[in-house]
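Below is one structure, written out as structure tokens, with a few remarks after it.
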Amino acid sequence: MAWKIPLSDIAMDGEEIDAVRDVLQSKWLSMGPVTEEFEAAFARYLGVKHAFAVSNGTAALHIAHAVLGIGSGDEVITPSLTFVATANSVLYCGAKPVFADIAGTDDLNIAWEEVAAKVSPLTRAITVVHYGGYPCDMEPILEVARNHDLRVVEDAAHAVGATYKGKKCGTIGDVGCFSFFANKNLSTGEGGMVVTNDDDLAERIRVMRSHGMTTLTWDRHRGHGYSYDVTDLGYNYRTSEIASALGIVQLRRLEQNNAKRKRIADRYRNALEGIEGIGCPFSGSIDGESSHHIFPVVLSGNISRAGLQAELKERGIQTSIHYPPIHLFTYYRRLLGDTPGSLPNTEFVGEHEMTLPLYPGMIDGEVDYICTSIDEVTSGIPAGEEGSQGMR
Ligand SMILES: *Cc1c(COP(=O)(O)O)cnc(C)c1O
């Protein structure tokens, strides 16, 4: 399917090609000096003490929960309106994800009141997701964590460059996790980063990323010893010099690309404001700045999402859904026994959210074409099968 306007597109040019060529010509492809440079630049950009490049965002999340000592019998409170990897990474540690509802149809982030209500004697951590790059209201969440001696993990996969009260997302909790998957704001194809200000956690992250080994192949290549010890159960979650070379260039351009995304998001908001039944979440002001990873809209109950998506597809516009709630997936229902109705706001948004194209290279005419198309389709479309339950 050749889309007229795809959901996302990577902003990339000759600089990335040069950077990758340099790595290939150096003939050192596995984690080494280019990765160290990427990590240092990323840490500097975020204003965080330690950054470790890993193979993907899911590995970052697994490492984060593991180094916090989360294991069998523990509970981690997390949203259900997120990518499945957020909750899977808790399961990898043998712990149980406990889902808390989002605030509503405008604030799609986890609600601190819902988090507080889900705390039990088994709770060890709160894992938040900055949905779409819009920062969670971290202050009350950190307060719940302090009151119950819980750790806080930030799944900042959407939020590279986003800020909350002057701090970069990912640096506010104990450990922050980023993804550099192909459709993310900073893309290396596959990749991720774990960040922390805690020296002890940093040492455990470093070791866990590479088999629990005390030295890297790169260290030995430089003559730093011949042997190594294994001090913990580790994994191979390393990245490559090729990905890191892409990351360095992409990071340099991130602020500029996020600013382009913001301009497009603002144009969407203005154009969609007047269209009946189309809600643009995160309409309120935030003490910070979104990274504008995606542009979600929430449809009123009388608009058929499937019908609208099909009509937009006819017009060459790709759309998506963020997200089918995790607690209703077959595997999770079998495992945890959740039933529909347990997270009403999450479920409403899961049924009525639609994600519109957003990427730095989008032009105004494309945004206008999408908004005009939505206006035309929604004015002509009869009520959908869901019935008019209205906005909650
Ligand atoms: C992309 C994403 C991940 C997983 O990252 P990968 O690099 O694909 O493993 C985790 N959480 C969220 C919210 C994501 O969007």
> Tell me, in nm to one decimal, what length is gained between ASN183 and LYS167 on full extension, where the rule is 0.36 nm per residue of separation less the Cα-Cα distance?
Replying inline: 3.4 nm
>> For a quick check: with amide H placed at 1.01 Å from N, whose amide H comes under 5 Å from GLY288's, ignoring anything fewer than 5 positions away on the same chain?
In response: LYS165
> Gaussian network model of the chain, Cα springs within a sub-10 Å range: biggest mean-square fluctuation belongs to which of GLN318, GLN309, GLN256?
Replying inline: GLN256
>> Which residue fluctuates most in the GNM of the chain (Cα springs below 10 Å): SER89, SER179, SER30?
In response: SER30
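With +1 on each Lys and Arg Cβ and -1 on each Asp and Glu Cβ, how big is the dipole of the range 70-115 about its Cα centre, in debye rounded to the nearest 20? Before the final figure, lay out the partial values.
Details: 1 positive and 7 negative charges, 60 e Å.
Once rounded to the nearest 20, the dipole reads 300 debye.
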> Taking R0 as 45 Å, what's the FRET efficiency between ASP106 and ASP149 from their Cβ-Cβ distance, rounded to 0.05?
Replying inline: 0.90
> If contacts are Cα pairs under 8 angstrom and at least 6 residues apart, what is the relative contact order of the range 100-240 in percent?
Replying inline: 14
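At 1.4 Å probe size, put ARG204, ARG315 in order of accessible surface, largest to smallest. Spell out each step's value before the answer.
Values: ARG204 110, ARG315 65 Å².
Listed by decreasing accessible area, they come as ARG204, ARG315.
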> So what's the chain giving for Rg/Rh, alpha carbon basis, Kirkwood Rh from the mean inverse pair distance?
Replying inline: 0.98
> In debye, nearest 20: dipole of the range 14-250 around its Cα centre with unit charges on the Cβ of K, R (+) and D, E (-)?
Replying inline: 480
> What full-extension length gain, to one decimal in nm, is calculated for LEU122 and LYS27 as 0.36 nm per residue of separation minus the Cα-Cα distance?
Replying inline: 29.3 nm
> Nearest 20 debye, what's the magnitude of the dipole of the range 255-388 about its Cα centre given +1 on Lys and Arg Cβ and -1 on Asp and Glu Cβ?
Replying inline: 400
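Could you check how much of the accessible area of the chain is carbon and sulfur, as a whole percent, using a 1.4 Å probe?
Numbers: 8260 of 16560 Å².
With neighbouring chains kept in place, the figure for the chain is 50 percent.
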>> Positive end of the dipole of the range 255-388, charges at C-beta (+1 Lys, Arg; -1 Asp, Glu), about the Cα centre: which of GLY288, VAL349, ALA306 has its Cα farthest in that direction?
In response: GLY288
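At 0.36 nm per residue, minus the direct Cα-Cα distance, what do TYR369 and ASP13 gain on full extension? Give it in nm, one decimal, please. Don't skip to the end; give the middle numbers.
Details: separation 356, 0.36 × 356 = 128.16 nm, distance 2.63 nm.
Full-extension gain reported as 125.5 nm.
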> Taking the Cα centre of each part, how many Å lie between the range 139-191 and the range 18-90?
Replying inline: 12
>> Take THR217 and GLU255, extend 7 Å from each Cα along the Cα→Cβ direction, and tell me the distance between the two endpoints in nm.
In response: 3.6
> How much accessible surface does THR123 have with a 1.4 Å probe, in Å² rounded to 10?
Replying inline: 10
> So how far apart, in nm, are the two label points at LYS4 and ASP229 if each is 7 Å from Cα heading toward Cβ?
Replying inline: 6.5
> Say the dipole of the range 14-250 comes from +1 at the beta carbon of Lys and Arg and -1 at that of Asp and Glu; which of CYS136, ALA66, SER26 then lies farthest toward its positive end?
Replying inline: SER26
> So who's got an amide H within less than 5 Å of the one on ILE303, skipping anything under 5 residues away but keeping other chains? H placed 1.01 Å off N, in plane.
Replying inline: GLY384
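How high is the relative contact order of the chain, in percent, with contacts defined as C-alpha pairs under 8 Å that are six or more residues apart?
Values: 828 pairs, mean separation 87.3, N = 392.
Worked out over the chain, it gives 22 percent.
If DNA, RNA and ligands are ignored and the probe is 1.4 Å, what is the ranking of ASP266, ASP200 by accessible area, most exposed first? Display every interim value, and only then the final one.
On the way: ASP266 65, ASP200 115 Å².
Result of the area sort, largest leading: ASP200, ASP266.
The values are calculated or read from the model by the stated rules, or taken from the named source; none is laboratory data. What you see is a predicted model; the values in this text were computed from it and never measured. With ideal geometry, Cβ positions are generated from the backbone for all residues, glycine too; neighbour counts draw on all protein chains shown. These area figures cover heavy atoms from the full protein model, side chains too; ligands, DNA and RNA do not enter into them. Shrake-Rupley method; radii C 1.70, N 1.55, O 1.52, S 1.80 Å.
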